[in-house]
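The values are calculated or read from the model by the stated rules, or taken from the named source; none is laboratory data. What you are looking at is a predicted structure, and each value in this text was computed from that prediction instead of being measured. As a convention, Cβ positions derive from the backbone with ideal geometry for all residues, glycine included, and neighbour counts pool all protein chains shown.
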Amino acid sequence: MKLILFVALLIISSLSYSQKVYTVDYESRADVKVFVVDYESRADLVVYKVDYESRAGDNDGNWFFVDYESRADKSIFFVEYESRADLKIFFADYSSRAGWKNSSKKHLMY
């Protein structure tokens, strides 16, 4: 019984989508191209940068920036122009503000 419970927890944890991101140096290496907007109302996703990896959310906008690409769930590249971006984000000052404004782009971070 304990083995079955352990296997079930292992499967569930592998299906969860934590938001550990890594910033790459080249656009071609990124999973998602991101543009930071000046106003929350223009964003697809409001992001809050968490201080600890354990606080990274499940595709809810709570991001933890890792130091190594191999530890990341998604690699991102910050583009200079909004028209080049797959996803527009706004950095929030509070975790409670984080979340999707445009849920049609949610698949980009899975």
What is the number of the single condition among (1) assigned to a strand (DSSP E or B); (2) touching a Phe, Trp or Tyr at 6+ places or on another chain (Cβ under 6 Å) that residue 106 does not meet? (1)
What are the residue pairs meeting all of these: first residue in segment 81-98, first residue in a loop (DSSP other than H, G, I, E, B), second residue of a type in the set (Phe, Trp, Tyr), Cβ atoms under 6 Å, and 6 or more apart or on different chains? 85/35; 92/48; 98/48
For segment 29-36, state whether one or more residues are over 14 Å from the mean Cα position of the chain (by Cα) and under 22 Å from residue 79 (Cβ atoms). yes
Breaking point among (1) part of a loop (DSSP other than H, G, I, E, B); (2) over 11 Å from the mean Cα position of the chain (by Cα); (3) closer than 18 Å to residue 102 by Cβ, for residue 51: (3)
Of everything in segment 1-46, what is closer than 20 Å to residue 68 by Cβ, at pLDDT 70 or above, of a type outside the set (Asp, Glu) and not in a loop (DSSP other than H, G, I, E, B)? Give them in sequence order. 20, 21, 22, 23, 28, 29, 32, 34
Selection from segment 56-73 of residues part of a strand (DSSP E or B) and surrounded by 19 or more Cβ atoms within 10 Å (Cβ to Cβ) yields 62, 63, 64
